[in-house]
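Data first, discussion second: the structure below is written as structure tokens.
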Amino acid sequence: MAAPTREELANWARGYVELWNAGDKQAWVENWKRLAPGRFTMVDPVGTPPKHDFEGCCVEPFDLFQPMTRLHVDPSTMFICGNEVAWVMENTFTKDGRSQTLKSIENFRFGDDGSVEIRTHYDVPDANDDVAGDVFATYLLDA
């Protein structure tokens, strides 16, 4: 298996956001599996213990965050360099009619063996934050 092409990475990136926002879990998973059928490693956010499997890196976060989170990547903040995609993600969380947007810097490195390494950078909301605190406290419970 060769490392993904620029076109494949751009299609994956477009699908990542569009399929997430559509709530299409199956298509979102398939979008991932097309480029990364191998080993997963994710440090989310940097400074927390790494996760090492597709379920923990992709499926469980989708189930936890997707119902309350919409994603947006300004095209001017997305970079495809070699086998890596990096972007600034705007994550809009909505709970009980209240919304807040938190930004993250996310980097995805795709290997020629079907693996992917994910590193994200963001300020974690306090557990008592009215909108996103509970979901992050659940997500980072073991961190």
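Computed from the coordinates by the stated procedures, all read-outs in this text should not be read as laboratory data. Just so it is clear, the structure is predicted and the values come from calculations on it, not from any experiment. Counting neighbours? That spans all protein chains shown, and the Cβs are built from the backbone with ideal geometry, glycine included.
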Meets criteria (within 16 Å of the chain's Cα centre (by Cα), closer than 23 Å to Leu19 by Cα and loosely packed, with under 14 Cβ neighbours inside 10 Å) for Phe79:
yes
Verdict on Gly114 being small (Gly, Ala, Ser), under 20 Å from Ala36 (Cα atoms) and either part of a strand (DSSP E or B) or over 15 Å from the mean Cα position of the chain (by Cα) (or both) = yes
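Among Leu35, Leu71, which is among the hydrophobic types (A, V, I, L, M, F, W, C), closer than 25 Å to Asp126 by Cα and surrounded by 14 or more Cβ atoms within 10 Å (Cβ to Cβ)?
Numbers: Leu35 fails: closer than 25 Å to Asp126 by Cα.
Unique residue meeting the criteria: Leu71.
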Considering the range 10-35, residues that are in contact (Cβ under 8 Å) with a residue 40 or more places away in the chain and in contact with an Asp or Glu (Cβ under 8 Å, 6 or more places away or on another chain), and then whichever is nearest to Gly114 (Cα to Cα), we arrive at Leu35
